[in-house]
Amino acid sequence: MRPAREHYREVVQRTPFHSRTAAANALNLWHRWRDYTVADAYVDVGLEYVALRNACAVFDLSPMTKHRISGPDAAAFVDRLVTRDLTRLRPGRVGYCVWCDDRGQVIDDGTLFRFADDEFRLCSQERQLDWLLRSSLGFDVAIREETAEVAALALQGPTSCAVLAALGLEGVAGLAPFAMRSFPFAGAELLVSRTGFTGDLGYELWIAPAHAEALWDALFAAGAAYGLKPMGTHALEMSRIEAGFIQAGVDFLPADHAVRTDRTRSPFELDLGWLVDLSKPNFTGRRALLEESRIGPRYRLVRLDVEGNKPARDAYVYDDKRNVIGAVTSSMWSPMAKASIALASVRQPWGRPGDELWAEIYYQKELKWNRFNARCRVVEGAFYQPPRRRATPPPPW
Amino acid sequence: MTEGPPVVVIGAGHNGLAAAAYLARAGRRVLVVEAQGHVGGAAVTREFAPRFRVSSVAHLTHLLDAEIVRELGLRRHGLEFARTRLRTVALAEQGEALVLDGNRIVAGAVPDADRAAYGPFIDRMRRFAAVLARQHHRVPPRLAWARWRDALPAAALGLDIRRLGRDDMREFLRVVTMAIYDVLEESFASPALKGALAVDAVLGTRLGSRSGNSVFSYLHRLGGGGPALPRGGVGSVCDALAAAARSAGAEIRLDSPVAAITVGGGGVAGVRLESGESIAAAAVVSSADPKTTLLRLLGARHLEAELAQRVHHLRSTGTAAKLHLALSGLPRFRGVAAGDAGERLVLAPSATYVDEAFNAAKYRRYSSQPIMEITVPTVHDGTLAPAGQHVLSAIVQFAPYDLAAGWDAARGRFQECVLELLERHAPGIRGQVLAAELLTPQDIERDFRISGGHWHHGELALDQALMLRPVPGAARYAMPVAGLYLCGAGCHPGGGVIGAAGRNAARVLLAGGSP
Ligand SMILES: Cc1cc2nc3c(=O)[nH]c(=O)nc-3n(C[C@H](O)[C@H](O)[C@H](O)COP(=O)(O)OP(=O)(O)OC[C@H]3O[C@@H](n4cnc5c(N)ncnc54)[C@H](O)[C@@H]3O)c2cc1C
């Protein structure tokens, strides 16, 4: 390994799976995710997506920011950090959560792994070390970023459980959504959590970087019979929009990045009110959210079924009187829903289920721009939600 | 009187006592819990040597709220003044000392132009100070205005500034953020005059004369009735307040340090004493400083993260030490007329001297040439020392709380340095010393439980004033935890023996106010 002070020589790092992802990357298509380079696609986005929805696909998750939180006050600390009630998050469980600033505006969302009473891992899109440390005043906790110490893969899709079983992970089928368990793997410890960003049956695999390549190889050996393919960020992005999941920096602006105070969103405004427990005595943002629950949120996150087949990319959203009431933040043609779908942020009171909204769509045909107004239907819940996502054990393949 | 648990007031300093008195007069059951064995906090008279008593921390009242004196009948409860409107004498090693009396220069060699400019300068500064003093009774405005009512206090402040008239308003807005050094430089030539005025701008702060904001601090001090000596020392203000509170029905428990403010049921539940005893409270009103109250007694975990950080970063490193001398006779200061020894003596030969004294504090050293504010209260008040003998009380700056060398090691050297300086200005004084007490900011922190030993419980500067005091989001006495109130010098309008913070906090509590 390089001495730490040499880090700058390699401005963008390779993930522990790089030797394998590079070999698989027939398109040589990369982009930068934080400090790491990751594949956008390996062979063909469409094929990767089809593998994900019909067989399974693996995604290199290593650049995901991971923080380790431990110490006598760790549980009290995370409880004050996030908006939801964590008292029922037992060791061995994972919880999806959001955290806010004092104004009740979302800083980021992520998954919280509880290893023990006093030991957690927080995974997030954005770096949170500074916020975590600043939030730790008065708590006896140790917090560090462990992104580089953990290699991670997302194995997602209907055959993912079967692949893990073929890999020899005994009893993996018994893992319930948001549960995690460690398995011995080639002399190492492999942590498997039933989590993911695709809205499908799937798992995330966590292992020490030294064992990363062996894990990749073993997975592909076991997965050959189950249609396993490597998948890049493009296919993942498609699946997360179908699942209706939001992404920091895309569907909302992290509160600590915002200069303009009206650009941020509260959990209520991101359809995450179910994650807010105002009966908790204290958490950061509580007072503002209490007030917001009294006076009502300013915005609403809506999932739109857009007429036609053109993605409503960056489209303005109008009410039925041609007033601009918001904008699309994520959009795509969904092969599973067979519809043009979008996530949008609109001003209250618009966007109630059943409301008729309009998206102004621009698209190009052979360098000629066209424009039309597409009628949108507000959809409740995810655009794609297979029952296998929740079933334990998952249906056999 | 209402049934049920009492309102618990933490601390029997003057602000805690004022809050207790107002709450009790409004019919609330009030219990004051004080860590020390006596009332007073930093406004206290203590015996520091057998039969010699002194105002241990605050030694002059400039700002004491006349309305509170009247409303609570403090004179009836024993408050008397041995002297009001003390003159200011600027000590000089050579020649006749400069003597300032109100808006007049009554003695000392200064250029005629300075003499002529002094009156208008002071009058104008007093008008500016009056604008700030008018805010003392107002609860600072909310920063994010949710209702039109929230904007009223801000509008009132704006109106007060506007009422100064065009020229004064412009000048006020120009100078309020400035360094006193520059403002004095514009107005005067005499180093002695500028030195004496600069002292008023930096006393009790971690500012030099060339620091921005020092004019604001100057105006804060100028906002009262001028320096005065309560008979029996400054502690008698608190004795009168305690009598007023008790006569209104408040109970005061001494030797009862609070270990924690307890929470439950969505707000404060009460307090737990260091003895282990728990006391349920309808509300808790704390005159302990903001860091003590919010981070140590309540605990950061009961605040939201950003607010906790703001409290943590509140600047509250004290720089003022107190020196007390028991003297066998009246000291004779060079250049000071015999009749003036009991006036307020300041030692700062120039505004540059003040800034150089401050330099040391920046680098966590003490000034070897400190500035001083000296009183010999026994000239006016026979209750403090045996007949014919005297007490000297001096505020000595800069003696930073966070001294790099550590106060245990440096205490002796510092005291020697100060005595040397005094000897130069009052030859023979060292021979008169019967006993001496030096209180560094660390001693003040320990004895009086004030974080950093800071005069104002937290630096008083524009970024920590009004709606930003002690920190944004907690500037309206009611804290974000339901039922918890701050009422000490850390709140608007700040430190000094005023009482307005205690009075305002009581008013907010009675009105069911929110942060
Ligand atoms: C060196 C120095 C010189 C000064 N000189 C002057 C001056 O000449 N003139 C002037 O006007 N001002 C002066 N001041 C400022 C003035 O003394 C203070 O601003 C003022 O006394 C503060 O009053 P308070 O009631 O807000 O707080 P305090 O007087 O500090 O009272 C707080 C009380 O709370 C108690 N307390 C704290 N923690 C606990 C606990 N856990 N449990 C129970 N009780 C607790 C303390 O014991 C104390 O009695 C000076 C300050 C210093 C440091």
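Just a few scattered comments:
- Near B:Leu314: Cβ cut-off under 14 Å, other residues only, Lys/Arg at +1 and Asp/Glu at -1. The net charge is +2.
- Segment B:1-85: GluC sites (Glu not before Pro) in DSSP loop, at most 10 other beta carbons within 10 Å: B:Glu3
- Net charge, B:Gly233 excluded, C-beta distance under 10 Å - Lys, Arg +1, Asp, Glu -1: +1
- Near B:Asp408, once Lys and Arg are set to +1 and Asp and Glu to -1 for all other residues with Cβ below 13 Å from its Cβ, the sum equals +2.
- Portion, in percent, of the accessible area of chain B that falls on carbon or sulfur, probe 1.4 Å: 50 percent
- Residues considered: A:Pro254, A:Pro387, A:Pro16. Largest GNM mean-square fluctuation over chain A, using C-alpha springs under 10 Å, is found at A:Pro387.
- Angle between chain B longest axis and helix B:112-133 axis [Cα atoms, degrees, rounded to 10]: 0 degrees
- Measuring nothing but protein heavy atoms, the accessible surface of chain A at 1.4 Å probe radius is 52 percent carbon and sulfur.
- Evaluated at q = 0.20 Å⁻¹, a Debye calculation over the C-alpha positions of segment B:436-479 (equal weights, vacuum) places log10 I(q)/I(0) at -0.68.
- Residues along segment B:472-493 losing 30 Å² or more of accessible surface when the other protein chains are present rather than the chain by itself (probe 1.4 Å): B:Pro480
- Accessible solvent surface per residue of segment B:287-354, calculated while the other protein chains remain in place, 1.4 angstrom probe, Å²: 29 Å²
- With an a/c value of 1.5 or above and a/b not larger than b/c for the gyration tensor axes a ≥ b ≥ c computed over the alpha-carbon atoms, segment B:142-265 is described as oblate.
- For segment A:65-148: rounded, prolate or oblate by the Cα gyration tensor [a/c cutoff 1.5]: rounded
- Chain A, helix-only ellipticity at 222 nm - DSSP H runs n ≥ 4, -39,500 (n - 2.57), divided by all residues, nearest 500: -5000 deg cm²/dmol
- An oblate overall shape is assigned to chain A, the ratio a/c of its alpha-carbon gyration tensor axes (a ≥ b ≥ c) being 1.5 or greater and a/b not exceeding b/c.
- DSSP-defined beta bridges in chain B - what % are antiparallel, rounded to 5: 70 percent
- Principal-axis analysis of the Cα atoms of chain B puts helix B:191-202 at an angle of about 10° to the longest axis.
- Ratio of Rg to Rh for segment A:133-179: 1.21 [Cα atoms; Kirkwood radius as inverse mean 1/r over pairs].
- Annotation: A:Met336 carries an accessible surface of approximately 70 Å², with a 1.4 Å probe and no ligand, DNA or RNA atoms counted.
- Rounded to 10°, Cα long-axis angle of helix B:166-175 versus longest principal axis of chain B: 90 degrees
- Buried accessible surface for the B/A chain pair comes to about 1400 Å², total over both chains, computed with a 1.4 Å probe.
- Rg in Å to one decimal, and Dmax rounded to a whole Å, for the protein assembly as shown via C-alpha atoms: 34.5, 107
- Compared with its chain on its own, segment A:93-110 contains the following residues whose accessible area drops by 50 Å² or more in the full protein assembly (probe 1.4 Å; ligands, DNA and RNA excluded): A:Asp102.
- Centre separation in Å (Cα based) which lies between segment B:93-109 and segment B:390-448: 26 Å
- Rounded to the nearest 10 Å², the accessible area of A:Ser160 at probe 1.4 Å: 0 Å²
- Loop-resident trypsin sites (Lys or Arg not before Pro) (DSSP state other than H, G, I, E or B) in segment A:283-384 with no more than 11 further Cβ atoms inside 10 Å of their Cβ: A:Lys321, A:Arg322, A:Lys338.
- Most mobile listed residue (A:Gly354, A:Gly232, A:Gly104) in chain A, GNM with C-alpha springs under 10 Å: A:Gly354
- In the full protein context, chain A carries 44 Å² of accessible surface per residue, based on a 1.4 Å probe and ignoring ligands, DNA and RNA.
- Ordering B:24-30, B:279-285 by mean Cβ neighbour count within 10 Å, with the highest value first, yields B:279-285, B:24-30.
- The accessible-area loss of segment A:272-300 on complex formation, taken against its chain alone with a 1.4 Å probe, reaches 40 Å² or more at A:Asn282, A:Arg287.
- Applying a DSSP loop filter and a limit of 14 other Cβ atoms within 10 Å to the GluC sites (Glu not before Pro) in segment B:126-197 leaves nothing.
- Adding -39500 (n - 2.57) for every DSSP H run of four residues or longer, then dividing by how many residues chain B holds, sets the calculated 222 nm ellipticity at -9500 deg cm²/dmol.
- Surface analysis of segment B:116-222 yields an accessible area of 42 Å² per residue, using protein heavy atoms and a 1.4 Å probe.
The values are calculated or read from the model by the stated rules, or taken from the named source; none is laboratory data. All values reported here derive from a predicted model rather than from experimental measurement. Note that each Cβ is placed from the backbone with ideal geometry, even for glycine, and that neighbours are counted across all protein chains shown. These accessible areas exclude ligands, DNA and RNA; they are computed on the full protein's heavy atoms, side chains included. Shrake-Rupley method; radii C 1.70, N 1.55, O 1.52, S 1.80 Å.
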